[in-house]
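Everything below concerns the one structure shown next.
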Amino acid sequence: MREVPPPTAPYEFLLSLDQTIRPLLDALEIVQAAASALGRHLQVNRCAYADVESDLDTFNLTGDYNDGVPSAVGRYRFSEFGAECLRLMRLGQPYIVEDSETDPRSQSVLASYRHMQIRSVICVPLLKAGKFSAAMAVHQIRPRRWRQEEVDLVQLVASRCWESLERGRVARELRELNQNLQRQALVLAEELTRAERQFAQLVAGVTDAAIYMLDANGRVTSWNPGAERIKGYSAGEIIGRHFSEFYTKEDRAKGLPARSLSLVASAGKFEGEGWRVRKDGSRFWASVLIDPIYGPDRQLVGYAKVTRDMTERRLIQEQLNQAQKMEAIGQLTGGVAHDFNNLLTVILGNLDTVQRRSAAGDERSQRAIEHASRGAERAAALTHQLLAFARRQPLNPKPTGVNQLVTTLLELIRRTLPEGISVQSRLSAGVGQVSVDANQMESALLNLAVNARDAMEGQGTLSIETHQVDVNADEALRLGDLEPGLHAVICVTDTGAGMSSEVIARAFDPFFTTKPVGQGTGLGLSQVFGFVKQSGGTVKLLSEVGHGTTVKIYLPRVDAESTVRPERHRDAPRGASNETVLVVEDEEDVRSYSIECLEELGFSVLYAADGPSALRLIDAHPEIRLLFTDVGLPHMNGRELAEKVRLVRPELPVLFTTGYAQDAMFQQGQLDENAELLTKPFNRSQLAERIRQLLDA
């Protein structure tokens, strides 16, 4: 099976770097811009890029970034920094020192390190076509333990810097060459021959861009090594064939090849981006520039064409756009859910009140109330799904035993699935605890079980396994936004139809579904992914068409005893008149409903519409036994109110309620001691149970 982890990388930094250096042509400006961007990003004292001379020891440092140290621009030798430095550079391996004062490799040349104020360093070589061509280094004036991702980032920036220098060199030389060709078309044939020879040498030396020529009819007349590398054709295979073969079938059907040449003839050039096809049929995103070539009589004789493979840059841009889209959807969803959950609290709460107070024998009224309640509960479930994929759902994470949670859920899964599906489990000892909202974790696993049922069409085997893994830094980076360390893994495997690579790529997208219209919302996997990411973990899919699917959930281990979930009361627990609850809620209808429920249960109630009013009541009424507050309040939010109350009443229990977890409120971490979270919409029994639980603790 093929693993498809969610992609992770410093995409925003790399994209910003590309946008900064791409327009530059001057070598010193490119080096200075790249060194400054990397130096500030890694927060080092110096960052420098150097060209290596033919002896593979001498290097010229033409520009650098400095913070608190003098510039190091000048000419040096790698051997001045130790024989091991020179050896690794020539082998194409990074040279990393965390403390030059203690590293045995630098003791014989310690004076060089001290002279340049280098205490720790990363130096990476850059090999192009097998030749040691350049190097990039970052320096620190104090000891520093370098992470592998920092070493990898220096290597990436060095490569981009070299590519930009080459691109600038090629662009300058091509511009100069075009000018020369136009001038030399009017002079002697001998000079034209010399220019053509120079052009051929230049083009042959470029491997990172496809540079070739077309005749006036669009047929290939020359082909450089970069074109062979990018497009896959050798010169013998492609010269004489029409350049439209590089276009997709769809673009050829639209006449785009002919249109691009027509634009060159009319506008003087063509510049654009689009999908192109390699010899093996694979596609790549190309940046294309076409310039006209004129003869001595100013008649068009052909075209000069430059193509660059921009697939990686496009992928970075798409991933950034996707992240921004999800953030925007999350903010929109959160705002709607906040208001909608307030409405549902009032609707469901009052339906519960009407049902309890209506005549027991009035079946029509009871049935109507039940229908209305089910509709409102479905609306609440849909709101919960929307918040889950947007990672805005309010969570109440507690240390929870993984095997205990799965064991409790297995019987429910067996009852949910048809008899034709066998449910198996393999739970490894020592998996331990994770910090999750147990209710939402159960919902996520049930969601996966239902997806598996649909994929198996009622016949097959569903397996649930648990085990523990120790994720190192490299694996954490590959899995995506995961902290290194011990993790519990829950694997849900089915023997269903499996997924194609195209479906896998979109499986976590909200509203994407392969089910017929009306049989799925497309929020299932996106809800699971959103909940797990919000809980500090990640989800990985392994699937092939015809070979089933495995969903792996990674959650960080916690060293704590699992929390025993309290049993639910059949009847709402009662309060006493000497138990005073302060209700703080800015929505009048929700506040009225909460007050009515608490008074009906026997509690004494005080209320306020905002934080400052609540603080005044706390000062004036020492008999208050519990604070019940909404998170989203005007003037000060619920968390800020609770923090101010704890300064004067540290023992006072706090029950938060919310329908939308803003990032600043509950960022994957435990609530304070003696505090709980009640999500909206809630009913009378849920409110009573949470308050009773806090008061009796």
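The table that follows gives values for the structure above.
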item	result
Nearest-0.05 FRET efficiency for residue 613 and residue 404, computed from C-beta distance (R0 45 Å)	0.55
Relative contact order (%) - criterion: Cα under 8 Å, at least six apart; region: segment 217-313	22 percent
For segment 34-93, accessible area per residue (1.4 Å probe, heavy atoms of protein chains only), Å²	44 Å²
Straight-distance crosslink candidates among lysines, where the alpha carbon sits under 30 Å from residue 305 and sequence neighbours closer than 8 are dropped	128, 131, 231, 249, 254, 269, 279
Extension gain, residue 265 back to residue 235 (0.36 nm per residue minus Cα-Cα distance, nm)	8.2 nm
Of all accessible heavy-atom area on segment 92-149, the percent that carbon and sulfur account for (1.4 Å)	49 percent
Burial order of peptide ranges 619-625, 451-457 (average beta-carbon count within 10 Å, highest first)	451-457, 619-625
Difference of contour (0.36 nm per residue) and Cα-Cα distance, residue 53 to residue 20	9.1 nm
Other-chain or far-sequence residues with amide H under 5 Å of residue 134's (modelled H)	52, 126
Hits among lysines - C-alpha to C-alpha of residue 540 under 30 Å, sequence gap 8 or more where chains match	325, 398, 515, 552
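The values are calculated or read from the model by the stated rules, or taken from the named source; none is laboratory data. Every value quoted in this text rests on a predicted model; they were computed, and no experiment measured them. Ideal geometry is used to build each Cβ from the backbone, glycine not excepted, and the neighbour counts take in all protein chains shown. Just the protein is used for accessible areas: all its heavy atoms, side chains included, with ligands, DNA and RNA removed. Shrake-Rupley method; radii C 1.70, N 1.55, O 1.52, S 1.80 Å.
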